[in-house]
Each structure stands twice: as structure tokens, then as C-alpha cells.
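What follows is a set of notes on a single structure, which appears directly below.
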Amino acid sequence: MSISNLKGVYMKRVLKVFSLLFVCLLLSSCVKYNATITINPDQSMDFSFISAIKKEYASQMSNTEDYDKYKEEGYVVDSYITDDYEGYKVSKHYVSIDEVSSTDIDTSTLTENDDKLFNVKKGFFKNTYTAKLVSNDTNDMMDKSQMYEDDEELKELIKQFDFKFNLNLPNPVKSSNATSVSEDKKHLQWDLTNMKDPYIEFTFDLYNWNNIWLTVGIGLIILCIAAFVIKYLLGTKHRLYMFKENKKK
């Protein structure tokens with residue numbers, strides 16, 4: 001191979017590296033991004049996301065201003081450090097999922113401090129929640145992937161980014177576009193580097209146990225009253241019969 005060809009191959013690889021770094025920068029410098037929503041049986045909710053990059057780039061690309069904003073809005077912000085990555089974990093506990101639900105919401109932006117995440121249809125015994133979440137990072141990734149759609153090597157590198165969204169439910173999911181679902185349909189994962197849709201979508205039910213137990217309690221009370229009345233009427237009928245029999249004698 002001639003020197004000129006070697007230079008051409010070398011320059012091609014250099015350009016690929018710079019292209020990859022450019023993509024990373026446009027993805028808010030997040031090489032590792034894992035978001036998790038856990039819905040509990042009592043309708044409380046835990047939300048968290050990990051945003052981190054390779055340690056060698058952390059000092060150059062870290063930006064704490066965004067995380068300070070999360071603190072101001074009641075989120076808990078902790079440092080996230082592993083052998084390879086460095087960044088932050090942002091989390092928040094909600095006493096009720098209804099704090100972030102509305103009857104007229106369509107689409108929400110993930111991790112952009114949206115007040116509402118779920119569209120809810122309320123019923124007496126159960127509520128149905130639907131979420132359609134978009135992520136600026138995901139959209140950027142898809143856009144940049146399309147820019148380099150002819151470069152298979154770069155596309156494979158992009159797929160190696162750890163960009164995932166996880167969902168844990170107390171009841172089986174009704175529908176979703178998750179990339180993987182557990183056998184019991186309660187644990188779902190979206191691989192944001194391997195999605196056809198530019199959004200995360202899912203629907204699930206939560207039971208209103210207070211209303212269910214209230215109905216059961218009222219039903220038991222009615223049964224007890226009915227049993228007492230029936231027993232009383234039968235006893236009265238028996239006493240009348242015995243009275244008539246004694247009177248005949």
C-alpha cells in the first residue's frame with residue numbers, strides 16, 4: 001500500500017473518531033444514560049436517571065448547572081462513579097403517580113422537568129395510565145445516526161452507547177413499544193439506540209385498592225345485616241308457630 005493510501009486510510013479513521021466525538025457532544029456528552037420509573041402497588045412512584053460519561057472526558061464535559069436546577073425542583077442529586085464512568089444520578093419519590101398525571105396530556109419530554117408524564121383515565125376500581133415520552137437525547141441520536149447511515153462502522157459504535165429506559169410495574173403492561181419485556185410483563189426496557197420509534201410509549205392499569213376494599217367492606221356489612229334480618233324473621237316465624245300451637249292446646 002502506498003504512503004498516500006495509508007494517509008487516506010488514517011485520515012478516514014481520524015474523521016470517524018472526530019465524527020463520533022461530535023455525536024457525543026451533541027448528545028449532551030452522555031455516553032451512559034439510564035432512566036428508570038418504578039410504579040409501586042400503592043400508586044407511589046420512583047423516578048431516577050443516571051447521566052455519565054467516560055472518566056477520561058468527565059473533566060472536559062461536565063456541567064453541574066443543569067443538576068443544580070434539579071435540586072431546586074426537589075430532586076435528589078448524587079454523584080455516580082464506577083470504574084469506567086463518572087456522572088450524576090438524579091432521583092425523586094412521588095407519593096402518588098397522580099402528581100405527574102393529567103387527563104389531557106399527550107406527549108411529555110423525559111428528564112426535562114415536565115410537570116406531567118402520564119395521561120390518566122380514572123375509574124372507580126382502576127385507573128388506566130398512558131405515557132408517550134420523548135427524549136431530546138434520543139432524537140439527537142436518531143438525527144445523527146441518519147447523517148452517518150452509510151457508515152456501518154460508525155453506526156455500530158453508536159449502538160454501543162448505553163442509552164436505556166426501564167419501567168417496573170406492579171401489574172402486567174397492557175401495551176408498549178419496549179425493545180424487551182419480561183415474561184410477567186411487569187419489567188420493560190427500551191434500548192434507545194435500537195428503536196424505530198422516536199418516542200417511548202406504554203399503557204398500564206393501577207387498581208384503586210381503597211375503593212375496592214371499601215366496596216368489599218360495604219358488601220360484608222350488607223351480608224351481615226341480611227343474615228341478621230333473616231335469622232330474626234325465621235326466629236319470629238318460629239315463635240309465632242309455637243304460640244299458635246300452645247294456644248290450640
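The values are calculated or read from the model by the stated rules, or taken from the named source; none is laboratory data. Quick caveat, the model's predicted, so the values are computed rather than measured. Heads up, the Cβs are rebuilt from the backbone with ideal geometry, glycines too, and the neighbour counts pull from every protein chain shown. The area values use the complete protein model at the heavy-atom level, side chains included, leaving out ligands, DNA and RNA. Shrake-Rupley method; radii C 1.70, N 1.55, O 1.52, S 1.80 Å.
Does region 56-77 include one or more residues that are within 24 Å of the chain's Cα centre (by Cα), at pLDDT 85 or above, surrounded by fewer than 14 Cβ atoms within 10 Å (Cβ to Cβ) and part of a strand (DSSP E or B)? Yes - at least one qualifying residue is present in region 56-77.
Of all residues in region 186-216, those satisfying the criterion of being among the β-branched types (Val, Ile, Thr) and surrounded by fewer than 16 Cβ atoms within 10 Å (Cβ to Cβ) are ILE212, THR215, VAL216. Exactly one residue out of LYS144, LYS122, LYS132 is buried (at least 16 other Cβ atoms within 10 Å of the Cβ) and either within 20 Å of PHE204 (Cα to Cα) or at pLDDT 80 or above (or both): that is LYS132. Determine, yes or no, whether PHE165 is open to solvent by 70 Å² or more (accessible area, probe 1.4 Å) and at pLDDT below 95. No; evaluated as a whole, the condition is false for this residue.
For LEU188, the requirement of being under 12 Å from the mean Cα position of the chain (by Cα), more than 19 Å from THR107 (Cα to Cα), outside any helix (DSSP H, G or I) and at pLDDT 90 or above is met.
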